[in-house]
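Structure, as structure tokens:
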Amino acid sequence: MPDTDECFVVAVDGPSGSGKSSTSRGVAQRKGYAYLDTGAMYRAATWLVLDSAVDSSDPAAVAALVARTELRVGTDPAAPTVSVAGTDVTAAIREPRISAAVSTVATNLEVRRLLIDQQRQIIAAARPGIVVEGRDITTVVAPDAQVRVLLVADPQARVARRKNELGETVADHEVHDQVIRRDRDDSTVAEFHDAAPGVRVVDSTELSLDEVVDQIVGLIDDQADRSVSAGRAAGVGQSRT
Ligand SMILES: Nc1ncnc2c1ncn2[C@@H]1O[C@H](COP(=O)(O)OP(=O)(O)O)[C@@H](O)[C@H]1O
Ligand SMILES: Nc1ccn([C@H]2C[C@H](O)[C@@H](COP(=O)(O)OP(=O)(O)O)O2)c(=O)n1
């Protein structure tokens, strides 16, 4: 039988605006799984640095600050939260000043090591499953996840979605900075443009959010069926010996 105590992990990577957060939350809600937004953790670390007196251009000082500060992430897909040293920063981390600065913190390798450790602990404790989204989940954080997806969409679609989300008041060059420039900077530490072996590519350009959620839920259900069949086959084999 499959180990029912094991956490079912769904890993979703992809560039900015490909739909990772909305899709992952939808999948987690449909399956009754937890949801972990790893980007929110890098954003929270960025909020912390900008709120402090630490020189953001000093990688060692930034990493030391992150190491000594409590960062908590709530994994309810209906209401994900994030706090820094007891301050709820769920809304504040979405501000443009954070989006503009986050790549500097996310490319700090010691900060990545600290946050990846914490992400793995959250994943290990989740039951019955968790959908984890980011840039390096399929490759580094949870390469053994039962379902691994690279969610992509054409750059024009991604910029248009972000513009729609931010509203007409945000200038085109700022939207471009939040999507295209940030992806270029983030790609220096994580590979999220090409799928690693075994990672399923889902292109959301021409799909509605519901259609993307359907596809990923389908992949989860197929994988769960395969695990049950494999467990049965192993069980039958054992009973005959
Ligand atoms: N398949 C889709 N079709 C149209 N819009 C989408 C789709 N998926 C997500 N969106 C919208 O695009 C925007 C960016 O999605 P989000 O989930 O934040 O992407 P990411 O987490 O990859 O940056 C949101 O406004 C979201 O509602
Ligand atoms: N696992 C991850 C998740 C996010 N990041 C980086 C990449 C992004 O610039 C920031 C914020 O991620 P987030 O997923 O919130 O970005 P979007 O605004 O959804 O594009 O963190 C990362 O380096 N590794």
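Key figures
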read-out: Exposed-loop-free span, longest in the chain, where GluC sites (Glu not before Pro) count as exposed if DSSP calls them loop and at most 10 other C-beta atoms lie within 10 Å; value: 71-167
read-out: From the C-alpha gyration tensor of the chain, square roots of 5λ in Å; value: 32, 22, 15
read-out: Karplus-derived HN-Hα couplings along segment 142-151 (A = 6.51, B = -1.76, C = 1.60, θ = phi - 60°), whole Hz, x at Gly and Pro; value: 9, x, 9, 3, 5, 10, 10, 10, 9, 8
read-out: Structure-based [θ]222 nm, the chain - -39500 (n - 2.57) summed over DSSP H runs of at least 4, per residue, nearest 500; value: -15500 deg cm²/dmol
read-out: For 50, 71, 36, 209, order by how many other beta-carbon atoms lie within 10 Å, fewest first; value: 209, 50, 71, 36
read-out: Loop trypsin sites (Lys or Arg not before Pro), segment 28-97, which have at most 13 other Cβ atoms in a 10 Å radius of their Cβ (DSSP); value: 68
read-out: Derived scalar couplings ³J(HN,Hα) [segment 64-72; Karplus, 6.51 cos²θ - 1.76 cosθ + 1.60; whole Hz; x for Gly, Pro]; value: 5, 4, 5, 5, 9, 10, 7, 10, 10
read-out: Relative packing of 197-205, 135-143, which averages over residues the other C-beta atoms within 10 Å, highest first; value: 135-143, 197-205
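Each value in this text was obtained by applying a stated rule to the coordinates, not by laboratory testing. Just so it is clear, the structure is predicted and the values come from calculations on it, not from any experiment. Virtual Cβ from ideal backbone geometry, glycine too; neighbours counted across all protein chains shown.
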